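Reading through the structure tokens given below for one structure.
The values are calculated or read from the model by the stated rules, or taken from the named source; none is laboratory data. These numbers come from a predicted model, not from an experiment. Neighbour counts run over all protein chains shown; Cβ positions are idealised from the backbone, glycine included. Heavy atoms of the whole protein, side chains included, go into the accessibility calculation; ligands, DNA and RNA do not. Shrake-Rupley method; radii C 1.70, N 1.55, O 1.52, S 1.80 Å.
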Amino acid sequence: MPDNDNKVTRRQFLNYTLMGVGGFMAAGMLTPMIRAAIDPVLKVKEDSGFIPVGDIKDLTNEPKRFDFKVTVQDAWHKSEETNTAWIYKDNDKIIAHSPQCKHLGCVVNWAGDPNKPNQYFCPCHNGYYEKDGTNVPNTPPIAPLDRFEVDVKDGTIYLGKIIPVA
Amino acid sequence: MLKKLYDWIDERLEVTPMWRDIADHEVPEHVNPAHHFSAFVYCFGGLTFFIILIQFLSGMFLTLYYVPDIENAWKSVYYLQNEVAFGKIVRAMHHWGASLALVMMFLHMLRVYFQGAYKKPRELNWIIGVLLFIIMLAFGFTGYLLPWDMKAVMATKVGLQIAEQSPLIGGVLKTLLSGDPTIIGALTLTRFFAIHVFFLPAALIGLLVLHFYMIRKQGISGPL
Ligand code: FES
């Protein structure tokens, strides 16, 4: 070892040791706290599964409003909330739209504007969507309406989670 | 890189003399465990402070999940304990740290007492120390209620009845603490929470500043 300039002095050695031990202790203290604090970001939320919303016999090829109850587990608080879907039959496919406007999240209505009986209308900033959910160009919404996962069993329509249309 | 940043700030604000003044001072031989191992008794004050820091930190993080409400307090603690990753550990730190802080503070007080370090000119600092002792006990008393389980409520009931025994002002004192002459409930919990989380920490910080300022001013008491 070449002399002096490469040697660790006693002061440096103590400095490193103290900083190392101190850093280790600080990390031991802070890790659990930070992990607990960022838990909401890392938590995997289990979805509530499929919920029955109505009878398949009621469907036409005109979107119809279905209200249904979902249980929401909000940390230690459990509640029932009413959700809405606009459902119609497209040949033998069933399409269920979420009424959340893709502009800023207001609630859209089928034929909400009497002058446009074949479109979804969002009253907040005059947004329009076609029947298949596509946003009408030059109105505020920037994406088509989200769709629910749909399942049919014994003539009952079940809705799953909401999936954005790519 | 860091050094450069430090120098840049130092050049403008002259922070070096400030932290030198706070941190850079000699440890007298009789206080240094490297010279006399028995000098470890001088650590207890510092350890108390260190644990108080942990209590501040872990307490701050606990309030991310806690609600001081009789309907939800227990549920929120249960959620923190069972659903939040590491929530158990953060609460355990606060729980055990609370007891440990009192133990360390008590050992610190014993040292000062048996060495006679409270004598002139340090009487004022002893008085501040006694006030700190009372504040720490108040922390323990108010914090104990917050999980709102049976043990907490029963213990608080007893504590409030002790307060009620004080001469003349007993009844008023109890109502003042519990927020209601007969019920230990919603108002008791919010009061204890506010005291635990805002009033006591403010008092603690103020008194600690005085405590430390006096040590720096008067120095550590001499060897026996
Ligand atoms: S929120 Fe629907 S158009 Fe703006």
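Listing for the model above:
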{"item": "Any hit, the stretch A:28-35, residues being on the phi < 0 side of the Ramachandran plot and either touching an Asp or Glu at 6+ places or on another chain (Cβ under 9 Å) or touching a residue at least 24 places away in the same chain (Cβ under 8 Å) (or both)", "result": "no"}
{"item": "Residue satisfying condition, being free of Cβ contacts under 8 Å to residues at least 12 places away in the same chain, in contact with a helix residue (DSSP H, G or I) (Cβ under 7 Å, 6 or more places away or on another chain) and open to solvent by less than 30 Å² (accessible area, probe 1.4 Å), within set B:143, B:179, B:170, B:159", "result": "B:170"}
{"item": "Residue among A:116, A:89 that is open to solvent by 70 Å² or more (accessible area, probe 1.4 Å), more than 14 Å from chain B (Cβ to nearest Cβ) and within 16 Å of the ligand (Cβ to nearest atom)", "result": "A:116"}
{"item": "Test: residue A:60 is open to solvent by less than 90 Å² (accessible area, probe 1.4 Å) and in the same structural domain as residue A:120 (by TED's automatic domain parsing)", "result": "yes"}
{"item": "Residue list for the stretch A:74-107, filter: assigned to a loop (DSSP other than H, G, I, E, B) and farther than 10 Å from residue A:148 by Cβ", "result": "A:75, A:76, A:91, A:92, A:99, A:101, A:102, A:103, A:104, A:105, A:106"}
{"item": "Tally, over the stretch B:33-63, of residues that are surrounded by fewer than 17 Cβ atoms within 10 Å (Cβ to Cβ), over 14 Å from residue B:108 (Cα atoms) and within 14 Å of chain A (Cβ to nearest Cβ)", "result": "5"}
{"item": "Check on residue A:16, assigned by TED's automatic domain parsing to the domain that holds residue A:137 and over 30 Å from residue B:84 (Cα atoms)", "result": "no"}
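Per-residue answers, yes or no, for (1) touching a Pro at 6+ places or on another chain (Cβ under 8 Å); (2) of a type in the set (Gly, Ala, Ser):
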| residue | (1), (2) |
| --- | --- |
| B:57 | no, no |
| B:70 | no, no |
| B:73 | yes, yes |
| B:77 | yes, no |
| B:86 | yes, no |
| B:97 | no, yes |
| B:100 | no, no |
| B:105 | no, no |
| B:129 | no, yes |
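Quick grid of which residues meet (1) more than 14 Å from chain A (Cβ to nearest Cβ); (2) not acidic (Asp, Glu):
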residue	(1), (2)
B:69	no, no
B:72	no, yes
B:86	no, yes
B:102	yes, yes
B:108	yes, yes
B:114	yes, yes
B:118	yes, yes
B:122	yes, yes
B:125	yes, yes
